[in-house]
2 protein chains.
Amino acid sequence: MADRHKSLSKPDVVVVGGGVVGLSTAWQLIKEGVEAVVVDPQPGAGASHAAAGMLAPIHEAYWGESHILGLNLAASQAWPVFAEQLGVDAVDYCRNGMLMAAYDVDDKALLDNLSDLHAQEGLPVERLRSRECRSREPLLAPGVRGGVYSPLDHHVNPRRVVAELLRRVPAVAIPAAEVSQNRVMLEDGQTMSCQQVVVAAGAWTGRLLGVPVRPVKGQILRLSGPEGLLRLPVRGVVRGSSVYAVPRSDGEIVVGATVEEQGFDTRVTAGGVYELLRAVLSLLPGLSEIDLVETWAGLRPGTPDNAPIIGTGADGIVYAAGHYRNGILTAPITAAAVAALVQGRRPPVDLSPFSPDRFAAAPTGRLPEAKPLSGVPG
Amino acid sequence: MADRHKSLSKPDVVVVGGGVVGLSTAWQLIKEGVEAVVVDPQPGAGASHAAAGMLAPIHEAYWGESHILGLNLAASQAWPVFAEQLGVDAVDYCRNGMLMAAYDVDDKALLDNLSDLHAQEGLPVERLRSRECRSREPLLAPGVRGGVYSPLDHHVNPRRVVAELLRRVPAVAIPAAEVSQNRVMLEDGQTMSCQQVVVAAGAWTGRLLGVPVRPVKGQILRLSGPEGLLRLPVRGVVRGSSVYAVPRSDGEIVVGATVEEQGFDTRVTAGGVYELLRAVLSLLPGLSEIDLVETWAGLRPGTPDNAPIIGTGADGIVYAAGHYRNGILTAPITAAAVAALVQGRRPPVDLSPFSPDRFAAAPTGRLPEAKPLSGVPG
């Protein structure tokens, strides 16, 4: 498959979708000598542009999702090399851990429940009392009831990751209209032929193909303050809602995110911004005085069981979609897995829980119900 | 003074400041045959760009400010002709009154106190019970304790007013560095000579000249929803804070405004936006679902006694500054007064309470204390 003399219009692989998953996949293929091109109306402008960039297998662990936890832990281990290749500073990759804090006693109960899960799974975390939380992150409100520090949860700037990937991967900025195993018809009428089509179209995957991937809207804010104001990424459980604040090295702080089932709606609403500010200012009142510089909304690709879809479908298409809240985290390992599949090698992780065909038994028009997140809402 | 053959570089009058007051003044002079030009680094980009456009003498009435109330009432009467000349639809001039609503019992007490003032001043208002408030404006929260409807308080779109004025008034987009009675030195080194300089530089007037005009920061939001969603401009007293929501005919709703003594700071802060959303969504919960389309901050020109500075100073300069919260409302009457002064006629209102020299007795470095607003904070 490594014939390097083909033109862009007939590459080995066409990856439909230019978010972090699609771009990482194309880049992995290119590094392995496979000619790959990405097709996307606006590469990097979707969920990857909205994402906060938490690489947090521990803080994204929920009861009953052991297979997702396993994938996320493996994904976390793939990140140091991935970040090194893109440039650790270039992508603002930061490994100083993450703090989850409980705002009131009910929130503390939710956190204790998650701590039981962490213990059961043998995850390396430190349980902290209120004062210990504030000693690690002095911006936390004095009333915080306790927390969990997770040294393995890292973070990165997804917009920079996408920018670096776009320097390394050829992209065609036209929407795809129809796809099959080895052909992509573009909306402008052109057809691209190749040996293998990979679909990594995020929330749009469900529109393009029959799989049950749906958009889950997230509104997000960007604040900007002095560098180092917030030391650590903080995720808070505040009156039953989840909120996070992720610092960048330049003083930007990303605050997110709402979880809304609204279809393909990316409006920023008064109520969404209010709920985010209410939660984050309860938890980190010192952020009140810093600038609010951006409001945004993106669409997470959700699936009925919250797990991604990675593998070859009955239609012969390779799927790399439905990464929901963990697209940034799992992009490198997804890329490695897809590159292996495309070339007939054994993937580096067990993909059987993520098969595209696992939803096939659902009767047409009655997809399995979305499963609520256990433990922490939002 | 009506020599129409002079060049722009030697007009009869140079107006320093291209906000709504300066532009209205220049336009009034031009209508009266006086050649006038405005000088401003960014015409229309200051407080006029941030303003909500309430033309509300009644709702801006406070105890102990009878002279301001008198000016504002006269100003209100000048608006219909002013709007007619600019185009009622072009500037979105709307005369359906305004509703002031109290959120809780303490807020009701503040409102009752203002109602006593309205009664004492003989102002035409209707006191409303909770259900009557909601019948006039169904979006109001059911818990609202009561209100006051004021048919004389109107509203307009200030950005459109400025745009219309800029089509009628010549403007030089260079900052003024120094001014005297008949000369303006620009920051690029050029000098403009004229017969009379008028200074209408808003919050920057205090920097340019010795008068105690200071910036009072206001953060403001623009929401956007279906046309007609909010029927009336609503001003609420919510847990002791004041908030307003002013609808435009195109579905935009302006929500304001913080009152902050922060110097020349126009940052939009997380805390400012949060407080505005908290207050307005308490009062009008139905706005939660509509789009938040803009956050902004402007600088009101405040004076020690909250009254504007209109008149000829000991330095021979004509002042039209310090309009604080009422620049849009009082622009037309200020323009008429200044045009009269410049041409040696008697102004249409008594300007003695607004003399530029009334602060002269204050010892240098110890200006009179800013007077807190009575009745309604914010």
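The values are calculated or read from the model by the stated rules, or taken from the named source; none is laboratory data. These figures come from a predicted structure and were not determined experimentally. Note that each Cβ is placed from the backbone with ideal geometry, even for glycine, and that neighbours are counted across all protein chains shown. Please note that ligands, DNA and RNA were not included when accessible areas were found on the heavy atoms of the full protein model with its side chains. Shrake-Rupley method; radii C 1.70, N 1.55, O 1.52, S 1.80 Å.
Just one residue in the set B:183, B:145, B:134, B:167 is in contact with a Phe, Trp or Tyr (Cβ under 8 Å, 6 or more places away or on another chain) and open to solvent by 80 Å² or more (accessible area, probe 1.4 Å); that residue is B:145.
Among the conditions (1) farther than 18 Å from residue B:54 by Cβ; (2) modelled with pLDDT under 95, the only one that residue B:273 does not satisfy is (2).
When restricted to residues that are open to solvent by 20 Å² or more (accessible area, probe 1.4 Å) and either at pLDDT 95 or above or not charged (D, E, K, R) (or both), the range B:1-18 contains 6.
Inclusion of residue A:224 among residues that are in contact with a Lys or Arg (Cβ under 8 Å, 6 or more places away or on another chain), touching a residue at least 24 places away in the same chain (Cβ under 8 Å), within 14 Å of chain B (Cβ to nearest Cβ) and over 21 Å from residue A:331 (Cβ atoms) is not warranted. Can you find a residue that is closer than 29 Å to residue A:224 by Cβ and among the polar types (S, T, N, Q) anywhere in the range B:244-265? Yes, the range B:244-265 contains a residue that is closer than 29 Å to residue A:224 by Cβ and among the polar types (S, T, N, Q).
Results for (1) within 8 Å of chain B (Cβ to nearest Cβ); (2) assigned to a strand (DSSP E or B); (3) of a type in the set (A, V, I, L, M); (4) open to solvent by less than 30 Å² (accessible area, probe 1.4 Å), shown as yes or no for each residue.
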{"residue": "A:250", "(1), (2), (3), (4)": "no, no, no, no"}
{"residue": "A:271", "(1), (2), (3), (4)": "yes, no, no, yes"}
{"residue": "A:275", "(1), (2), (3), (4)": "no, no, no, no"}
{"residue": "A:279", "(1), (2), (3), (4)": "no, no, yes, yes"}
{"residue": "A:299", "(1), (2), (3), (4)": "no, yes, yes, yes"}
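Test residue A:173 against the stated conditions and say whether it is crowded, with 16+ Cβ neighbours inside 10 Å, closer than 18 Å to residue A:45 by Cα and among the small types (Gly, Ala, Ser). In short, no.
Scanning the range B:188-218 for residues that are assigned to a strand (DSSP E or B) and over 20 Å from residue B:306 (Cβ atoms) turns up B:191, B:192, B:193, B:196, B:197, B:198.
Could you list, in sequence order, all residues of the range B:227-246 that are of a type outside the set (Ser, Thr, Tyr) and away from chain A (no Cβ under 14 Å)? Break it down stepwise before answering.
Restricting attention to the range B:227-246, the residues satisfying the condition of being of a type outside the set (Ser, Thr, Tyr) are B:227-240, B:243, B:245-246.
If the condition is that a residue be of a type outside the set (Ser, Thr, Tyr) and away from chain A (no Cβ under 14 Å), then B:227, B:228, B:231, B:232, B:233, B:234, B:235, B:236, B:237, B:239, B:240, B:246 are the ones that fit.
Residues that are open to solvent by 10 Å² or more (accessible area, probe 1.4 Å) and of a type in the set (Val, Ile, Thr) were ranked within the range A:310-331; the one that is farthest from residue A:161 (Cα to Cα) is A:312.
Is the range A:220-231 home to any residue that is on the phi < 0 side of the Ramachandran plot, open to solvent by less than 10 Å² (accessible area, probe 1.4 Å) and β-branched (Val, Ile, Thr)? Among the residues of the range A:220-231, at least one is on the phi < 0 side of the Ramachandran plot, open to solvent by less than 10 Å² (accessible area, probe 1.4 Å) and β-branched (Val, Ile, Thr), which makes the answer yes. The single condition among (1) part of a helix (DSSP H, G or I); (2) within 21 Å of the chain's Cα centre (by Cα) that residue B:169 does not satisfy is (1).
Residues checked against (1) touching a helix residue (DSSP H, G or I) at 6+ places or on another chain (Cβ under 8 Å); (2) β-branched (Val, Ile, Thr); (3) without any contact (Cβ under 8 Å) to a residue 12 or more places away in the chain:
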position	(1), (2), (3)
A:263	no, no, no
A:270	yes, no, yes
A:277	yes, no, no
A:299	yes, no, no
A:308	yes, no, no
A:323	yes, no, no
A:329	yes, no, no
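Of everything in the range A:233-245, what is at pLDDT 95 or above, assigned to a loop (DSSP other than H, G, I, E, B) and in contact with a helix residue (DSSP H, G or I) (Cβ under 7 Å, 6 or more places away or on another chain)? Give them in sequence order. None; the set is empty.
Among the residues of the range A:252-269, the ones that are at the interface with chain B (Cβ under 10 Å from one of its Cβ atoms), among the aliphatic types (A, V, I, L, M) and part of a strand (DSSP E or B) come to 2 in all. When we screen B:80, B:158 for residues that are at pLDDT 95 or above and closer than 25 Å to residue B:255 by Cβ, the only hit is B:158.
With respect to the conditions (1) farther than 19 Å from residue B:134 by Cα; (2) crowded, with 19+ Cβ neighbours inside 10 Å; (3) of a type outside the set (A, V, I, L, M, F, W, C), residue B:244 lacks only one, and its number is (1).
From A:261, A:289, grab the single residue that is farther than 30 Å from residue A:352 by Cα and surrounded by fewer than 18 Cβ atoms within 10 Å (Cβ to Cβ). Break it down stepwise before answering.
Working: A:261 fails: farther than 30 Å from residue A:352 by Cα.
Just a single option satisfies the conditions, and that option is A:289.
When residue A:255 is tested against (1) open to solvent by less than 30 Å² (accessible area, probe 1.4 Å); (2) touching a Gly at 6+ places or on another chain (Cβ under 8 Å), just one condition goes unmet, and that condition is (2).
Among what's in the range B:340-367 and is modelled with pLDDT under 60 and either open to solvent by 60 Å² or more (accessible area, probe 1.4 Å) or of a type in the set (D, E, K, R) (or both), pick the residue that is nearest to residue B:101 (Cα to Cα).
Let us first name the residues in the range B:340-367 that are modelled with pLDDT under 60, namely B:362-367.
Filter again for either open to solvent by 60 Å² or more (accessible area, probe 1.4 Å) or of a type in the set (D, E, K, R) (or both), leaving B:363-367.
Working: B:363: 42, B:364: 42, B:365: 40, B:366: 38, B:367: 35 Å.
Going through the qualifying residues, I end up with B:367.
Residue-wise test of (1) open to solvent by 20 Å² or more (accessible area, probe 1.4 Å); (2) small (Gly, Ala, Ser); (3) within 14 Å of the chain's Cα centre (by Cα).
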{"position": "B:26", "(1), (2), (3)": "no, yes, no"}
{"position": "B:34", "(1), (2), (3)": "no, no, no"}
{"position": "B:46", "(1), (2), (3)": "yes, yes, yes"}
{"position": "B:51", "(1), (2), (3)": "yes, yes, yes"}
{"position": "B:54", "(1), (2), (3)": "yes, no, yes"}
{"position": "B:66", "(1), (2), (3)": "yes, yes, no"}
{"position": "B:83", "(1), (2), (3)": "no, yes, no"}
{"position": "B:98", "(1), (2), (3)": "no, no, no"}
{"position": "B:105", "(1), (2), (3)": "yes, no, no"}
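When the range B:59-112 is filtered for residues that are farther than 21 Å from residue B:28 by Cβ and in a helix (DSSP H, G or I), the ones remaining, listed by number, are B:66, B:67, B:68, B:69, B:105, B:106, B:107, B:108, B:109, B:110, B:111, B:112.
Based on what the data block shows, is residue B:306 open to solvent by 10 Å² or more (accessible area, probe 1.4 Å), within 29 Å of residue B:137 (Cα to Cα) and away from chain A (no Cβ under 14 Å)?
Values: open to solvent by 10 Å² or more (accessible area, probe 1.4 Å): yes; within 29 Å of residue B:137 (Cα to Cα): no; away from chain A (no Cβ under 14 Å): yes.
Here the answer is no, as residue B:306 does not meet what is asked.
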